[in-house]
Every structure is written in C-alpha cells, then in structure tokens.
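Asks: A single structure is presented below for examination.
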C-alpha cells in the first residue's frame, strides 16, 4: 500500500510539472507574438499607444474673433481679428465674412492671428466666423456652429455737416479709379464732394497695357485699394506703370 501512495504522488507531481511547462510555453509564445506585432507596427510608422491616446483626447484649437469699431456704419472700415491657440503648431487660420473666405493666414506657431479689413456699402446684417487648423488635423471653430451676426446701419448725414472735396488724378499711364460710395468714376482728373466724416474706398484698375504702381497724396502704398476718411479736402493721385 505505501508504494501506491508514492506512485500516485509522483504522477501528480509529473502532471503539475507538465501543466506548468505548457503554461510557460504558451506565455513565451504570446510574448514573442506581441513583441513581433509591436516591432511590425513601429516599422510601419503606426503611432504608439501613448501617441494614439494623446491624439484622441487632445482638444482642437481655441478660436475667437473680434472686430473694430464695435458699432460700424456703412462705408466705414471694419477690421476683423481672428485669434487662435493650440497645443500643437497651427497650420492656418481662416476668416469668413458673409459666407465667403475673406482671408487665410498661415502660421507655424502654437498661437496666431489673422486680420482682415473691409467696408460694407449696404446697411444690413452681415455674418462672420473663423476656423483654425493645426498640424494634427484638429479644427477649431468660432462660433462652434453657424455664424455670428454684425448689424451695420446706414450712415446718416447730420444737418450742418461740411462738404469736402476729393480730387483724383492719374499719372504715368491710363486706368480707372472708382469709389464706394459711388461718385468717383472719372477720366484723367475729377473732383467729387463728400460730407465730413464720410469713409470712401478707392479702387484703381489699370488699362490693358499698364499695371497699378502706387498712390500719392492722400493715399499711400502699392495696394490697388485705399480707404479715405473725409475730414478735410484731399488730393490723391493714382500712378500707373507701363508693362515692361
């Protein structure tokens, strides 16, 4: 009888040893497979688990828009400023006015601004919004949905306002100079009267053999548009340059 007990105990020990070896082999096999899988993912350029989790939980860029002046009227210059901030580098900021892209600004920083100036010739409600895109594809929006509304009333003529002269001339070549509000649309030389405080947007359009060069007098710069505030008589020259 004692021999049977010893034999049974030995068999039980051998079975446990075999089970342990099987578990050990399975564990080694799974570990090796996991290592191979990790190496394959790393070689293929798939992001690590930590990077994946960061990408999932990162917030999109924060965006806001302000404008100045806060109570504009028709034909008065209005400046929109979109500001964005992100945990990642920003790829671009885009401003929309009345449903269309007004300006897109590139950036490579974690913060940035995009500035756009315009005038509204019609008294009405106008819409604006902005988006910001970072280099990880996250998009921030202002407002989060829809668009914000800016009400621009018609500018009013106050009794007793003074009329000022806006004198426009052209040199160097031929082209057209027009204005908003309407009034300036003349040949080589013209004079138009505007009430004091009026905001006038001038635009120079060269003829086919010329390009716009620059403004002189009451306007400056090489942009084809110029914003003028009528607080005195003004003389402005649009200079056109022959195409080489």
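The values are calculated or read from the model by the stated rules, or taken from the named source; none is laboratory data. Because the structure is predicted, anything quoted here is derived from the model rather than measured. All Cβ positions, glycine included, derive from the backbone under ideal geometry; neighbour counts span all protein chains shown.
Asks: I'd like to verify a number: residues in region 86-106 that are more than 16 Å from residue 129 (Cα to Cα) and surrounded by fewer than 19 Cβ atoms within 10 Å (Cβ to Cβ), how many? Outline the logic, then answer.
Replies: Pass one, region 86-106, residues more than 16 Å from residue 129 (Cα to Cα): 86-91, 106.
So of that shortlist, the ones also surrounded by fewer than 19 Cβ atoms within 10 Å (Cβ to Cβ) come out as 87-89, 106.
Total satisfying the criteria: 4.
Asks: Of everything in region 129-150, what is more than 13 Å from the chain's Cα centre (by Cα) and closer than 30 Å to residue 200 by Cα? Give them in sequence order.
Replies: 147, 148, 149, 150
Asks: Additional query: Scan region 182-195 residue by residue and report those that are over 16 Å from residue 233 (Cβ atoms) and either touching a strand residue (DSSP E or B) at 6+ places or on another chain (Cβ under 7 Å) or part of a strand (DSSP E or B) (or both).
Replies: Taking region 182-195 as the starting set, the residues that turn out to be over 16 Å from residue 233 (Cβ atoms) are 182, 185-188.
Once the filter is applied, which keeps residues that are over 16 Å from residue 233 (Cβ atoms) and either touching a strand residue (DSSP E or B) at 6+ places or on another chain (Cβ under 7 Å) or part of a strand (DSSP E or B) (or both), region 182-195 yields 185, 186, 188.
Asks: What residue, among those in region 119-128 that are surrounded by fewer than 21 Cβ atoms within 10 Å (Cβ to Cβ) and part of a strand (DSSP E or B), is nearest to the chain's Cα centre (by Cα)?
Replies: Ranking the candidates gives 127 first.
Asks: Sticking with this one: May I ask you to verify whether residue 218 is surrounded by fewer than 19 Cβ atoms within 10 Å (Cβ to Cβ) and either touching a strand residue (DSSP E or B) at 6+ places or on another chain (Cβ under 6 Å) or touching a residue at least 12 places away in the same chain (Cβ under 8 Å) (or both)? Working first, answer last.
Replies: Values: surrounded by fewer than 19 Cβ atoms within 10 Å (Cβ to Cβ): no; either touching a strand residue (DSSP E or B) at 6+ places or on another chain (Cβ under 6 Å) or touching a residue at least 12 places away in the same chain (Cβ under 8 Å) (or both): yes.
When the stated conditions are applied, residue 218 does not pass them.
Asks: Which one of the conditions (1) surrounded by 16 or more Cβ atoms within 10 Å (Cβ to Cβ); (2) over 30 Å from residue 59 (Cβ atoms); (3) touching a residue at least 40 places away in the same chain (Cβ under 8 Å) does residue 192 fail to meet, given that it meets all the rest?
Replies: (3)
Asks: Give me the pairs, please: first residue somewhere in region 59-83 and free of Cβ contacts under 8 Å to residues at least 60 places away in the same chain and not assigned by TED's automatic domain parsing to the domain that holds residue 199, second residue anywhere and surrounded by 14 or more Cβ atoms within 10 Å (Cβ to Cβ) and not in a strand (DSSP E or B), beta-carbon distance under 8 Å, and either six or more positions apart or on two chains.
Replies: 69/76
Asks: Another question, then. If you go through region 121-142, how many residues are over 14 Å from residue 99 (Cβ atoms) and in contact with a strand residue (DSSP E or B) (Cβ under 7 Å, 6 or more places away or on another chain)? Before you say what the answer is, go through the steps one by one.
Replies: Residues of region 121-142 that are over 14 Å from residue 99 (Cβ atoms), as a first pass: 121-123, 132-142.
Subset that is in contact with a strand residue (DSSP E or B) (Cβ under 7 Å, 6 or more places away or on another chain): 121, 123, 132-135, 139-142.
The qualifying residues number 10.
Asks: Inspect region 135-149 for any residue being touching a helix residue (DSSP H, G or I) at 6+ places or on another chain (Cβ under 7 Å) and in the same structural domain as residue 77 (by TED's automatic domain parsing) and give the result as yes or no. Before the answer, list the steps.
Replies: Of all residues in region 135-149, those touching a helix residue (DSSP H, G or I) at 6+ places or on another chain (Cβ under 7 Å) come to 136.
Now drop any that are not in the same structural domain as residue 77 (by TED's automatic domain parsing), which leaves 136.
Taking every residue of region 135-149 in turn, at least one turns out to be touching a helix residue (DSSP H, G or I) at 6+ places or on another chain (Cβ under 7 Å) and in the same structural domain as residue 77 (by TED's automatic domain parsing).
Asks: Could you tell me which numbered condition residue 236 fails, if it satisfies all but one of (1) surrounded by fewer than 19 Cβ atoms within 10 Å (Cβ to Cβ); (2) not in a loop (DSSP other than H, G, I, E, B)?
Replies: So residue 236 meets the others, but not (1).
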